[in-house]
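Enquirer: Got a structure here, written out as structure tokens. Questions coming.
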Amino acid sequence: MKRSLWLFLTLLCALSLGTGVGLSYAWVVSPRSLTDSQPAALRSDFKDQFRAVIAASYAATGNLPRAQARLTLLEDSNPIEALNAQAQRAIAVGEFLQADQITALALALENEADFPAPFSLPPTSDASSPGNIDSTVTPFPSPDALSFVFTGTPEIVAGQTIEATVILNTPTPRPTRTPMPTYGAPFRLVSQEAVCNPNLPDGLLQIVVYNSSRRQLAGVKVIITWDTGGEEFFTGFKPELGNGYADFLMLPDTSHAVQLALGSEIAVNLVPPVCQTPGGDPYLGGYKLTFQQP
Amino acid sequence: MKASNLFLILFAFLLGISAGLAYGWFIDPVDFYDLTPDTLRADYKTDYVLMTAEAYRVEQDPGSAARRLAIFGVQSPSTIATEALVYARANGFPESDIAILQELVTALQAWSGIRQ
């Protein structure tokens with residue numbers, strides 16, 4: 001009886017030890033092959049690259065459902081926030097084209113409407129493979145479909161008189177401007193308030209930009225001008241204050257005008273107001289402007 | 001100790017190893033994060049190349065396309081694009097997508113030739 005118990009315990013130990021060795025090998029020494037992974041498992045910088053290519057593809061094709069399907073592969077908790085944050089990072093390193101494309105995709109997802117992509121090709125009717133989404137391709141015409149016209153040079157016969165042709169100088173039509181794509185309806189200046197807060201820097205102009213869903217928008221270019229100069233900057237460089245936040249230090253005793261490059265109402269006559277501390281000391285206040293898409 | 005007992009102990013040990021391997025590889029394998037793109041499944045890789053090709057079709061910038069494909073590692077961009085084209089053909093991608101991929105492959109092959 002005692003020997004059987006000893007044998008049983010020994011077998012149990014051997015089994016446990018073997019299981020431990022097997023698990024160590026399977027989890028630590030040689031985990032299952034690292035192929036066939038999902039985009040959601042990528043490192044964050046590679047995810048950024050993935051999003052940038054999705055945005056570039058969307059900019060080229062205008063195919064929003066396909067872009068959405070691709071973004072879901074990354075399993076971001078909030079794809080729009082992820083795109084906005086990435087747009088800010090792209091602006092910070094000077095990748096403005098990439099930031100524009102990412103912002104356009106974020107806006108399109110935000111609005112869920114027929115948003116004009118910067119470029120678009122007419123769709124075809126083919127079914128697509130990944131995600132079952134239609135692709136957009138314009139087929140090239142076949143050579144047979146192209147018509148060629150052969151022209152010959154007339155021969156000059158001896159004794160033939162050649163009549164001079166009078167060429168009238170007709171004006172060449174002037175090139176017309178190609179309309180630039182817009183990001184939807186122009187923004188409205190929904191509030192403009194003077195701010196007297198001694199804890200803020202003198203002459204601080206604060207700008208907050210919202211879309212129609214009252215979400216803050218990163219990467220929106222703000223243009224500020226005054227009588228002797230101007231400046232351009234973007235929202236989103238201070239994400240701790242909001243994705244759609246930007247600020248600027250106004251010049252004292254100078255009138256400034258502010259508008260958004262995407263199209264907005266213009267805030268004019270912004271002269272830093274003179275405020276007073278509780279102790280009666282004067283200081284320069286600022287303004288807070290809020291823009292929103294209708 | 002009897003030989004039969006030794007055999008039993010060895011058998012239990014091997015059984016434990018098998019059970020551990022089966023559990024660690026198939027039932028509850030290690031979850032990996034922070035992976036590099038070369039570990040992506042072939043269809044995801046192909047879709048990434050397709051996105052690059054769609055962007056290239058408008059931008060017409062093979063250098064930019066090559067930079068986008070460089071995340072897959074040491075292979076040349078034209079090789080990466082060619083592999084995607086082969087996968088797309090073998091897996092019934094629509095002709096429109098194959099045409100776009102073909103265009104990218106041709107452009108990258110020409111671009112690689114110019115660079116050499």
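Enquirer: Can you pull out every residue in the range A:272-294 that is open to solvent by less than 70 Å² (accessible area, probe 1.4 Å) and either among the basic types (Lys, Arg) or assigned to a strand (DSSP E or B) (or both)?
Expert: A:Cys275, A:Tyr283, A:Leu284, A:Gly286, A:Tyr287, A:Leu289, A:Thr290, A:Phe291, A:Gln292
Enquirer: Can I ask one more? Considering each of A:Phe237, A:Phe233, A:Phe248 in turn, give the residue that is within 27 Å of A:Val93 (Cβ to Cβ) and modelled with pLDDT of 90 or more.
Expert: A:Phe248
Enquirer: Please specify each residue of the range A:46-77 satisfying the condition of being within 19 Å of B:Tyr33 (Cβ to Cβ) and more than 9 Å from chain B (Cβ to nearest Cβ).
Expert: Once the filter is applied, which keeps residues that are within 19 Å of B:Tyr33 (Cβ to Cβ) and more than 9 Å from chain B (Cβ to nearest Cβ), the range A:46-77 yields A:Lys47, A:Asp48, A:Arg51, A:Leu71, A:Thr72, A:Leu74, A:Glu75, A:Asp76, A:Ser77.
Enquirer: Quick one: B:Ala3 ticks every box in (1) facing another protein chain (nearest Cβ under 7 Å); (2) under 30 Å from A:Thr19 (Cα atoms); (3) aliphatic (A, V, I, L, M) except a single one, so which number is it?
Expert: (1)
Enquirer: Buried (at least 17 other Cβ atoms within 10 Å of the Cβ), part of a helix (DSSP H, G or I) and touching a helix residue (DSSP H, G or I) at 6+ places or on another chain (Cβ under 7 Å), is that true of B:Arg57?
Expert: When the stated conditions are applied, B:Arg57 passes them.
Enquirer: For the range B:37-51, give me the residue count where each residue is within 7 Å of chain A (Cβ to nearest Cβ) and outside any strand (DSSP E or B).
Expert: Residues flagged as within 7 Å of chain A (Cβ to nearest Cβ) and outside any strand (DSSP E or B) within the range B:37-51 amount to 8.
Enquirer: Sticking with this one: Does the range A:200-220 contain at least one residue that is open to solvent by 50 Å² or more (accessible area, probe 1.4 Å), within 21 Å of A:Leu83 (Cα to Cα) and among the acidic types (Asp, Glu)?
Expert: no
Enquirer: Name the pairs: first residue in the range B:14-36 and within 7 Å of another protein chain (Cβ to nearest Cβ), second residue among the aliphatic types (A, V, I, L, M) and outside any helix (DSSP H, G or I), Cβ to Cβ under 8 Å, at least 6 apart or on different chains?
Expert: Hits for this filter: B:Gly24/B:Val30; B:Phe32/A:Leu34; B:Asp34/A:Leu42; B:Leu35/A:Leu34; B:Leu35/A:Leu42; B:Thr36/A:Leu42.
The values are calculated or read from the model by the stated rules, or taken from the named source; none is laboratory data. Bear in mind the structure is a predicted one, so any value in this text is a computation, not a measurement. For neighbour counting, all protein chains shown are included, and Cβ atoms are generated from backbone atoms with ideal geometry for every residue, glycine included. The accessibility values were calculated without ligands, DNA or RNA, using every heavy atom of the protein model including side chains. Shrake-Rupley method; radii C 1.70, N 1.55, O 1.52, S 1.80 Å.
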